[in-house]
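For reference, the structure discussed in these notes is given below.
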Amino acid sequence: NSSAENEHLVSDGARLYASAERKLPPSGKSLNITVVGRQFVWQFVYPGNEPDGLGAPYSYEEMVVPTKTTVTLDIVSADVVHSWWVPQLGGKFQAVPGYHNYTWFKIEKPGIFRGQCALICGRGHARMIATVKAVPPAQFEAWLAYQKTLIAEANAAAQVARAKLGSQIGAGQVENP
């Protein structure tokens, strides 16, 4: 790509992001994160789930991404219409139930970028904030590995609890609220 073609994408030499002129990311490898709008929190689901589709690492409110990596976002909603907006990383993108929206960005240097839901989505709308934290790739890999460990530990504890519940008879089979 020519630098003239990308001029409108670079605001300070440290970021590239989707724009009306350049909707598709640069070709090559990317990290895909699913952004789920929920009343009233953003959830970020990372790749790395188990073969059964469960256990994908995730975070709330803070998306951690590696620097020097194209990050593609699959934006969805679990309930009502939301609007993903981190101004320094591009425009606003609707999160609509039953529909997928997409965007991308690439951050060259570590930093923190703040945003929020940009569409009134209910009483808790003002609390629906988002932070994108760009870290060096090695730090991102360590963070992601730790998230996977936490998920694995929680799944193991749940399996033990289910086995215990399944072995009980009579009133013990009913979970206490």
Find, to one decimal place in angstroms, the Kirkwood hydrodynamic radius of the stretch 48-177, where the mean of 1/r is taken over every pair of different Cα atoms and then inverted. 17.4 Å
So, R0 is 25 Å and r is the distance between the beta-carbons of N32 and N155; what FRET efficiency does that work out to, to 0.05? 0.65
Considering only DSSP states other than H, G, I, E and B, which trypsin sites (Lys or Arg not before Pro) in the stretch 90-162 qualify as loop sites with at most 13 other Cβ atoms within 10 Å? R123
Based on the Kirkwood radius over alpha-carbon pairs, what is the Stokes-Einstein translational diffusion coefficient of the stretch 127-171 at 25 °C with 0.890 mPa s viscosity, in µm²/s? 179 µm²/s
For the stretch 61-122, dividing by residue count, accessible area per residue (probe 1.4 Å) in Å² works out to 45 Å²
Using the Cα centre as the reference, give the magnitude of the dipole from point charges on the C-beta atoms of the stretch 61-160 (Lys, Arg: +1; Asp, Glu: -1; all else neutral), rounded to the nearest 20 debye. 300 debye
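The values are calculated or read from the model by the stated rules, or taken from the named source; none is laboratory data. Bear in mind the structure is a predicted one, so any value in this text is a computation, not a measurement. All Cβ positions, even for glycine, are placed from backbone atoms using ideal geometry, and neighbour counts span all protein chains on display. In case anyone asks, the SASA skips ligands and DNA or RNA and just uses the protein heavy atoms, side chains included. Shrake-Rupley method; radii C 1.70, N 1.55, O 1.52, S 1.80 Å.
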